[in-house]
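The block underneath contains the structure these notes are about, expressed in structure tokens.
Bear in mind that the values in this text are calculations on the coordinates, not laboratory data. Being a predicted model, the structure only gives us computed values, none of them experimental. Methodologically, a virtual Cβ is constructed for each residue, glycine included, from the backbone with ideal geometry; neighbour enumeration extends over all protein chains shown.
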Amino acid sequence: MTTEFPYMEVDSELCKGCQLCIDVCPKGVIAISDKLNSYSYHPAYYTGEGCTGCGLCFYACPEPGAIRVVKP
Amino acid sequence: MAKVFEKPASFYSEFERKSAGHKKTTHYCPGCGHGNVHKMIAEAIEDLGVAERSVFVSPVGCSVFGYYYFNSGNFQSAHGRAAAVATGIKRANPDSIVMSYQGDGDLAAIGTAETVHAANRGENISVFFINNAIYGMTGGQMAPTTMIGQRTTTTPRGRTEVDHGNPVRMCEILATLPAPTFITRVGLGNSKQIMQARKAIRKALQIQIEGKGYSFVEILAPCPTGWKMDPPEARDHLTKVMEEIFPLGVYKDVSDEAEAGHWNRISKPFDVEARHAYLQSMKTPLSLEPVPLAKDLACKFAGFGGQGVLTLGLFLAQVGMKAGHQVSWIPAYGPEMRGGTANCSVNICRGRIGAPTVDHPNVLVVMNQPSLDMFEDTVVDGGWIFVDSGICTGVPDRKRLRAIMLPATEIADKIGSPKVANVVMLGAICAATGIFGADYVKETLRIIIKRKELLDTNLLAFDAGWQAVVEQG
């Protein structure tokens, strides 16, 4: 994924569906998926628009590698 | 340049703890605070450029597997002992950056002593204290930090002050100590708190890097599983309830005044040669020929604590050791340093010694009346008994025992100090029994008396005791 806009991405296999990123996102651009991952969690995902690259979701996420935020 | 927030490189790329699947996630429950703190520590050691010399000390608790995550030095310490282990690592390797990472059960219950004393010594380490007010790993029992009213599996009706005591506030306790440099409590309840926690963790490590001493970062962390809440609910509970009991803030910060390097401890490498030389000096033979021992000696020395009866036994044992014999010395005394009764047993033997205690001495020295009363009958027939006649009012059975009566304390007082009465007795013992010659004992005393300014008084005391016996015939 390349873009000139900031974005966040969730590795759906590493997400445990705790929803903390959704809680902290100031723009409300993260949502929880209807689908289950292979560990039977509903992972979070970026809705695709409005991320400012602030990184708050990254620090709120307890998983080391589940969230990646890029701010060009 | 693009700013990218991603998994810090000081984490392992794969977490081997996971037995199956992709090995990319932690073993922690969804919404657990450990992951956040791990991430912030990993990021900090990478950003500060110390990942290569970092040592992470894992506790017992959910974070016991810290070594599966951090690509740094790792130790897993016994329960509660992380601060002591960290102390050892830091002192042995002053260049290492040592973090102890502990939960509330580990740090504030079983490890309270290690925690408090490491802080009190101002060890140049960073302590990260994860406080979730519950025992998470073992299934949600009461922790020292469990709040009043909080239900746990061991407080099913809620913790009460009367039955279980109040939650322990570690920051407040440690902040009363003079040595620590930085003590703070942060939380993981919302973004603002998380960013403050991140800052505190970096500061704690920076302080250590600069040699400015001990830092303690308490992090209020949610345990959604133990609290029986979903993760967002647990974060809310943390800010609404837990913060009331554990107020966030900086409890102590003298990092600006602290001198860089002040708390660095430069440990000297263990010097095998120096140790060998020291041990060798302890067994330096006297210039005199060793004295043959005509008979095995079983001695008892008894008196008031403070009269030096234990030291007297020790001196005689050391003379015996210098003479090449097998010796033992066993003290028996009450808790009083002065004024209680004390005695010691000394064996000086040609062969190996079995039991070091002496029940039936053939040499007894008594320096007070209670000791005379207590031990006279235990002396074997024909044994020696030495009595400080200035202090003891009684007289031993002279038909059964060879008795030497001398006012050792008065003699010592005339020489200059009643404290050398024991060495007066030593002179008397040697003169009467003939076990060691005067030159031999005095040469030993020159070696074993550490305070050289007292040596002359002791040698005079020895001569006076010897002389007193000679005069008695």
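The amide H of B:I385, built 1.01 Å from its N in the peptide plane, has B:L364, B:R402, B:A403, B:I404 as neighbours under 5 Å, considering only residues 5 or more places off or on other chains. Of all DSSP-defined beta bridges confined to the stretch B:166-312, some 40% are antiparallel rather than parallel.
Modelled spin-label separation between A:K27 and A:S40, with each label point placed 7 Å from Cα along the Cα-to-Cβ direction: 3.5 nm.
Taking the inverse of the mean reciprocal distance over all distinct Cα pairs, the Kirkwood hydrodynamic radius of the protein assembly as shown comes to 28.5 Å. Neighbours of B:L445, meaning other residues whose beta-carbon lies under 15 angstrom from its beta-carbon, give a summed charge of +2 when Lys and Arg score +1 and Asp and Glu score -1.
Over all other residues within a Cβ to Cβ distance under 12 Å of A:K71, the charged ones net out to 0, with Lys and Arg as +1 and Asp and Glu as -1. Within the stretch B:291-472, antiparallel bridges make up roughly 55 percent of the DSSP beta bridges whose residues both belong there. Here the scattering of the stretch B:291-472 is modelled by Debye summation over its C-alpha atoms, one equal scatterer each and no solvent; at q = 0.11, 0.12 Å⁻¹ the log10 of I(q)/I(0) is -0.40, -0.49. In this structure, B:T153 and B:I448 have a Cβ-Cβ separation that, at R0 = 60 Å, corresponds to a calculated FRET efficiency of about 0.50.
Across the stretch B:74-187, Cα-Cα distances exceeding 16 Å account for 60% of all pairs.
Round to a whole angstrom and tell me the spacing of the C-alpha centers of the stretch A:25-71 and the stretch B:96-164. Taking the Cα centre of the stretch B:96-164 as reference, the centre of the stretch A:25-71 is 32 Å away. Computed across the stretch B:1-136, the Kirkwood radius stands at 15.3 Å (inverse of mean 1/r, all Cα pairs).
For B:S54, nonlocal amide neighbours, meaning residues 5 or more places apart or on other chains whose placed amide H falls under 5 Å from its own, are B:G73, B:I97.
The alpha carbon centroids of the stretch B:169-230 and the stretch B:7-36 are separated by 22 Å. Looking at the stretch B:151-226, the trypsin sites (Lys or Arg not before Pro) that sit in a DSSP loop and have at most 11 other Cβ atoms within 10 Å of their own Cβ are B:R157. With N the number of residues in the stretch B:33-253, Rg(Cα) / (2.2 N^0.38 Å) evaluates to 0.94. Structure note, pairs B:K90/B:K203; B:K24/B:K90; B:K295/B:K414; B:K414/B:K452: Cα-Cα distances above 25 angstrom occur for B:K24/B:K90; B:K295/B:K414. Near B:V127, the amide H atoms lying under 5 Å from its own belong to B:S100, B:S215, B:F216, B:V217; only residues 5 or more places off or on other chains count, and H is placed 1.01 Å from N. Its alpha carbons give the stretch A:7-70 an Rg and a Dmax of 10.4, 30 Å. Ordered from longest to shortest, the equivalent ellipsoid semi-axes for chain B are 65, 25, 20 Å, each the square root of 5 times a Cα gyration tensor eigenvalue. Computed from Cα positions, the angle between helix B:438-448 and the longest principal axis of chain B comes to roughly 10 degrees. Quick one: net charge around B:Q369, please, counting Lys, Arg +1 and Asp, Glu -1 for every other residue with C-beta under 14 Å from its C-beta. Value of the local net charge: -3. Applying a 4.7 Å cutoff between beta carbons, the unpaired cysteines of chain A are A:C15, A:C18, A:C25, A:C51, A:C54, A:C61.
A quarter of the convex hull surface defined by the alpha-carbon atoms of the stretch B:221-350 gives 19.3 nm² as the mean projection. In order along the stretch B:457-465, the phi-based Karplus estimate (6.51 cos²θ - 1.76 cosθ + 1.60, θ = phi - 60°) of 3J(HN,Hα) comes to 4, 5, 5, 4, 5, 4, 4, 5, x Hz; Gly and Pro are listed as x. Among beta bridges from DSSP that stay inside the protein assembly as shown, the antiparallel ones total about 45%.
Farthest towards the positive end of the charge dipole of chain B, among the residues B:V127, B:I449, B:S54, is the Cα of B:S54, using unit charges on the Cβ of Lys, Arg, Asp and Glu.
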